[in-house]
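Trainee: I am attaching a structure below and will ask some questions about it afterwards.
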Amino acid sequence: MIKQLFIFMMFLLPVMNRADSGYPVPAIENQPSLFNALNLSAKGLSAEVFELALKGLRKLEAEGKLKNPDILTIVDFSQSSKMKRFYVIDLLNKVLLYNTYVAHGRNTGDEYATHFSNISGSYQSSLGFFITRKETTGASVGLSLLLDGVEKGFNDNAMKREIIIHGAAYATENFIRKTGRLGRSFGCPSLPPDQIKPVVESIREGTCLFIYHKDDQYIAHSPVLNDQCRDTGK
């Protein structure tokens, strides 16, 4: 009887540890194993960026801010815009759901992203962790997804700035062939038009999105990645 009870408790442990979220996701502590299983290195994503994304997701989940912590989206703006630097990962099933192009803001850089802002009218992309909200339809961009920035000083003006995920003709491989890089947005992470619907349906309403760049100011002062939160005034 004791042995049976022990086996039963061991079976429940992963679910109990994640009970607050309502999603019994698998243990993801073995980051190198998961990173390799997803073959992310071959897709251009570094283990360092993946680990930062997981760290932030765990914190947001622990704070009860995620409706679905099984889905993680990473935008790696340290890569060239000619690369497929947008990743949607199903952590529960250990599957890379989508890997596609994503444009950055027009004042963030040309081929490479170099400047970031949280200021309205800057036409720059923002760094950090966001929580996806509901889908919407705009007159000019069509189907899109609202993003809620959760890092004060880095992206907490996202809703005010109307930073959304939407489709754009300038975020396509054809545009790269013509110009040598992707086009640029007003600050939104824009995707190829044929990808917007399946991506939105996969990540909407309460999943974690991480926009990364090797920005020393952000890494050092991110309220999500660091224990002490400081307003950078950025």
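The values are calculated or read from the model by the stated rules, or taken from the named source; none is laboratory data. Model, not experiment: these values are computed from the prediction. FYI the Cβ positions are ideal-geometry reconstructions off the backbone, even for glycines, and counts take in every protein chain you see.
Trainee: Does Asp156 fit the bill of being charged (D, E, K, R), over 13 Å from the mean Cα position of the chain (by Cα) and either modelled with pLDDT of 95 or more or in a loop (DSSP other than H, G, I, E, B) (or both)?
Mentor: yes
Trainee: Follow-up. Go through (1) aromatic (Phe, Trp, Tyr); (2) touching a residue at least 60 places away in the same chain (Cβ under 8 Å); (3) out of contact with any helix residue (DSSP H, G or I) (no Cβ under 7 Å at 6 or more places or on another chain); (4) within 23 Å of Tyr87 (Cβ to Cβ) one by one and return the number of the condition Tyr123 breaks.
Mentor: With (1) aromatic (Phe, Trp, Tyr); (2) touching a residue at least 60 places away in the same chain (Cβ under 8 Å); (3) out of contact with any helix residue (DSSP H, G or I) (no Cβ under 7 Å at 6 or more places or on another chain); (4) within 23 Å of Tyr87 (Cβ to Cβ) applied to Tyr123, the lone miss is (4).
Trainee: I'd like to check which strands (runs of 3 or more DSSP E) are fully inside segment 61-110 and have at least 3 residues that are crowded, with 18+ Cβ neighbours inside 10 Å and among the aliphatic types (A, V, I, L, M).
Mentor: The qualifying strands (runs of 3 or more DSSP E) are 71-76.
Trainee: How many residues does segment 144-158 hold that are crowded, with 18+ Cβ neighbours inside 10 Å, on the phi < 0 side of the Ramachandran plot and touching a helix residue (DSSP H, G or I) at 6+ places or on another chain (Cβ under 8 Å)?
Mentor: So the answer is 7.
Trainee: Can you give me the number of residues within segment 120-147 that are assigned to a strand (DSSP E or B), over 15 Å from His166 (Cβ atoms) and over 12 Å from the mean Cα position of the chain (by Cα)?
Mentor: Total satisfying the criteria: 0.
Trainee: Can you tell me which of Thr100, Thr137, Thr73 is modelled with pLDDT under 95 and touching a strand residue (DSSP E or B) at 6+ places or on another chain (Cβ under 9 Å)?
Mentor: Thr137
Trainee: Among the residues of segment 159-192, count how many are part of a helix (DSSP H, G or I), without any contact (Cβ under 8 Å) to a residue 40 or more places away in the chain and either over 18 Å from the mean Cα position of the chain (by Cα) or crowded, with 24+ Cβ neighbours inside 10 Å (or both).
Mentor: 5
Trainee: Could we say that Gly138 is surrounded by fewer than 17 Cβ atoms within 10 Å (Cβ to Cβ) and of a type outside the set (D, E, K, R) here?
Mentor: Yes: the conditions hold for Gly138.
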